[in-house]
Amino acid sequence: MTRDAFHQELRELEEEVIQMAALVETEIAQAMQALGKRDLALANQVVRSDGEVNELQRGIRSRSITVMALQAPVARDLRELVTVQLVINELERMGDHAVGIAKQAMRLQDYEPLAVIADMGEMAKLVREQVREGIQAFVDVNVQLARDICAQDDEIDKRYRAIFSELINQMTQTPAYVPAATALLFVAHNLERIGDRVTNICEDIIYMVSGEVEELN
């Protein structure tokens with residue numbers, strides 16, 4: 001494989017990563033829409049669509065390994081291929097978190113919606129923006145953007161703590177809310193974990209560029 005062919009493979013792998021990230025972002029949006037609108041059909045659609053995310057992960061991983069075998073890359077080239085695999089692993093887990101949200105939406109069908117769902121919608125919007133920006137930082141090899149994204153994760157953590165406290169307070173004051181509030185705690189946790197996985201991607205970007213492992217959050 002020539003150098004030009006190698007870099008063409010990298011570009012095509014990046015395009016597939018972008019496609020996978022777009023699917024994950026859609027899963028998050030649809031899971032939250034299913035939660036807010038009590039849409040059981042949409043929640044089921046999210047669960048079914050996760051197979052497509054998993055299939056993309058397998059394809060990208062297989063292609064990356066083939067490129068490694070044919071090119072035997074070293075230094076930065078090797079780190080780029082390793083980073084591709086690290087990023088798709090994080091995206092696959094984000095898809096699992098979106099499925100987790102969709103499953104909680106299914107469990108909430110028989111309960112009255114709680115007002116805190118609106119706050120979760122705002123938190124989910126920030127999370128989706130971070131997913132999009134994290135992949136952009138990866139494609140652009142933008143270390144400064146990666147650092148900025150990690151700094152923004154504090155806002156997601158702040159919202160998570162506020163939602164957590166509100167739900168615990170509601171369960172304490174109104175025991176009848178316990179089943180619904182418990183399900184929403186899992187939703188908030190899944191959103192917070194997606195933000196953490198974006199941070200992992202940003203750390204992977206820095207590793208790709210510098211070869212140094214750095215914890216940003």
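The values are calculated or read from the model by the stated rules, or taken from the named source; none is laboratory data. The shown structure was predicted, so the numbers you read here are calculated from the model rather than taken from an experiment. Neighbour counts run over all protein chains shown; Cβ positions are idealised from the backbone, glycine included. Heavy atoms of the whole protein, side chains included, go into the accessibility calculation; ligands, DNA and RNA do not. Shrake-Rupley method; radii C 1.70, N 1.55, O 1.52, S 1.80 Å.
Just one of (1) within 19 Å of Cys202 (Cα to Cα); (2) open to solvent by 30 Å² or more (accessible area, probe 1.4 Å); (3) of a type outside the set (Asp, Glu); (4) in contact (Cβ under 8 Å) with a residue 40 or more places away in the chain trips up Leu81, so point out which.
(2)
Which one of the conditions (1) within 20 Å of Ile206 (Cβ to Cβ); (2) modelled with pLDDT under 95 does Glu133 fail to meet, given that it meets all the rest?
(2) is the only condition that Glu133 fails.
What residue, of Leu78, Leu42, Leu23, is more than 30 Å from Leu114 (Cβ to Cβ) and of a type outside the set (S, T, N, Q)?
Answer to the check: Leu78.
Identify, please: which residue in the range 140-181 is touching a residue at least 12 places away in the same chain (Cβ under 8 Å) and of a type in the set (S, T, N, Q) and is, among those, least open to solvent (accessible area, probe 1.4 Å)?
Among them, the one singled out is Gln170.
Please go through (1) in contact with a Ser or Thr (Cβ under 6 Å, 6 or more places away or on another chain); (2) modelled with pLDDT of 95 or more for Cys150 and return the number of the only condition it doesn't satisfy.
It is condition (2) that Cys150 fails.
Taking the conditions exactly as written (open to solvent by 60 Å² or more (accessible area, probe 1.4 Å) and among the aliphatic types (A, V, I, L, M)), does Ala105 satisfy them or not?
No: the conditions fail for Ala105.
Does at least one position in the range 54-73 carry a residue that is open to solvent by less than 70 Å² (accessible area, probe 1.4 Å) and of a type in the set (Asp, Glu)?
Checked the range 54-73: no residue is open to solvent by less than 70 Å² (accessible area, probe 1.4 Å) and of a type in the set (Asp, Glu).
Could you check how many residues of the range 184-212 are of a type in the set (Asp, Glu) and in contact with a Leu (Cβ under 8 Å, 6 or more places away or on another chain)?
Within the range 184-212, residues that are of a type in the set (Asp, Glu) and in contact with a Leu (Cβ under 8 Å, 6 or more places away or on another chain) number 2.
What residue, among those in the range 1-46 that are in a helix (DSSP H, G or I) and acidic (Asp, Glu), is least open to solvent (accessible area, probe 1.4 Å)?
Among those that are in a helix (DSSP H, G or I) and acidic (Asp, Glu), it is Glu27.
For the range 207-215, state whether one or more residues are within 16 Å of Ala115 (Cα to Cα) and out of contact with any Gly (no Cβ under 7 Å at 6 or more places or on another chain).
Looking through the range 207-215, none of the residues is within 16 Å of Ala115 (Cα to Cα) and out of contact with any Gly (no Cβ under 7 Å at 6 or more places or on another chain).
Among Thr66, Thr83, which is on the phi < 0 side of the Ramachandran plot, among the β-branched types (Val, Ile, Thr), assigned to a helix (DSSP H, G or I) and modelled with pLDDT of 95 or more?
Unique residue meeting the criteria: Thr83.
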